[in-house]
1. Taking the label point as lying 7 angstrom from Cα along the Cα-to-Cβ axis, what are the distances from B:A145 to the corresponding position in the remaining copies, in ascending order and in nanometres?
2. Helix A:63-75 versus the longest principal axis of chain A: what is the Cα-based angle in degrees, 0 to 90, to the nearest 10?
3. Could you work out what % of the accessible surface of the range A:79-192 is carbon and sulfur, using a 1.4 angstrom probe and leaving DNA, RNA and ligands out of the count?
4. What whole-number value in Å² describes the accessible area per residue of the protein assembly as shown for a 1.4 Å probe?
5. With a ≥ b ≥ c taken as the square roots of the eigenvalues of the C-alpha gyration tensor of the protein assembly as shown, please select rounded if a/c is under 1.5 and otherwise prolate if a/b is larger than b/c or oblate if it is not?
6. Between B:P53 and the same site in the other copies, what are the distances in nm, shortest first, taking label points 7 Å from Cα along the C-beta direction?
7. How big is the dipole moment of the range A:103-165 about its Cα centre under a simple scheme where the beta carbon of each Lys and Arg is +1, that of each Asp and Glu is -1, and everything else is neutral? Debye, nearest 20, please.
8. At B:S103, with labels set 7 Å past Cα in the Cβ direction, how many nm apart are the copies from this one, shortest first?
Number of protein chains: 2
Amino acid sequence: MATSNLARTLPRPGGRSARVQEAVHRATRELAAEHGREAITVPMIAARAGVTPSTIYRRWGDLAELLADVSVERMRPEGEPADTGSLRGDLLAWAEQYNEEMSSQPGRGMLRDVLSAQSPDDRPSCRCASYVAMQIGVLLERAQARGEAAPAVEQLMDALVAPLLFRLLFTPAPATTDEIAGWIDASLAHAAQPA
Amino acid sequence: MATSNLARTLPRPGGRSARVQEAVHRATRELAAEHGREAITVPMIAARAGVTPSTIYRRWGDLAELLADVSVERMRPEGEPADTGSLRGDLLAWAEQYNEEMSSQPGRGMLRDVLSAQSPDDRPSCRCASYVAMQIGVLLERAQARGEAAPAVEQLMDALVAPLLFRLLFTPAPATTDEIAGWIDASLAHAAQPA
């Protein structure tokens, strides 16, 4: 439960700063939907959001950073992952949905935005992976509460999330349901073995 | 051997087309080294390469595509991976070197370039993964010639290459040597088991 509360209450900047962020994010999403991500510029976004371009440059650095920030925000999980009654079922349901979302046109666009940003620290891609780790953490806590043997989050990141993203980013086709099930079964068999 | 010959003889366009590609690639590498990747533009590259900007747009589409193409070319393996006498040793040596190269500043820049390109087909990231698969294929053929049990290339892509790249792209720190060795050992144990 601690993990899922964390996922819902990540700090957001307050007050004026939060309003600027919201206006700029909204303007970016609207303009990207209207004109396509390749056609939008910082001055266009600034005009729509009612801020100066320098406000955007000061806060985000450049357009790639802003696009990445907007995309990470859209990847923030909206609720608890489905409870199917078993860890295997929960992982399969979560991973299939994640794979489906990320292999869609908008999902691929978000991944590209997130990976195109330069930011040396607080990389948007790391925030995106931490959202995934938090969702998986919820499933593992649920499994422990049921008394099921559960692998570590890191094990599932390496053995399930990593190949799933690798297929999306580096191969022509996303992972199949059978492959996803195979990765989950291997992780669960690993967790069931005495160390 | 077939795989390693393939790696060395991937088709390159011939004649005038090859000379244009080489001039544009060289101009891009030089200008990126002189001014940084963020400061270069298609007209700058065209002027240095002695071609018109429209030649570049026609052939590569946009700057992101060109940068990705140049980076993939730099990821093309230059020779056979080291022969240490065992598959475990070969995989470890290869993976450690790959991890070291890709976690460097230029390596991270290449990965970003390759993943930032839009190209829906013949994605640069897929070419980059196929170079990796070819190198691993050489190690597996070598192991089979020695009579060692060897996993499939796909198994190593999912269980070794995928988490290695996941750590580079989505987490603050690259994989450690111990983690790499653990992924290799798990894959080899998997291959040694009867199916």
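The values are calculated or read from the model by the stated rules, or taken from the named source; none is laboratory data. Values in this document were obtained by computation on a predicted structure and should not be read as measured data. So basically every Cβ, Gly included, is an ideal-geometry build from the backbone, and we count neighbours across all protein chains shown. Keep in mind that these areas ignore ligands, DNA and RNA; they rest on the heavy atoms of the full protein, side chains included. Shrake-Rupley method; radii C 1.70, N 1.55, O 1.52, S 1.80 Å.
1. 5.7
2. 40
3. Values: 2450 of 4550 Å².
C and S fraction of accessible area: 54 percent.
4. Working: 18870 Å² over 390 residues.
Result: 48 Å² per residue.
5. Numbers: a/c = 2.25, a/b = 1.07, b/c = 2.11.
It is oblate, given that a/c is not under 1.5 and a/b is not larger than b/c.
6. 1.7
7. 220
8. 3.1
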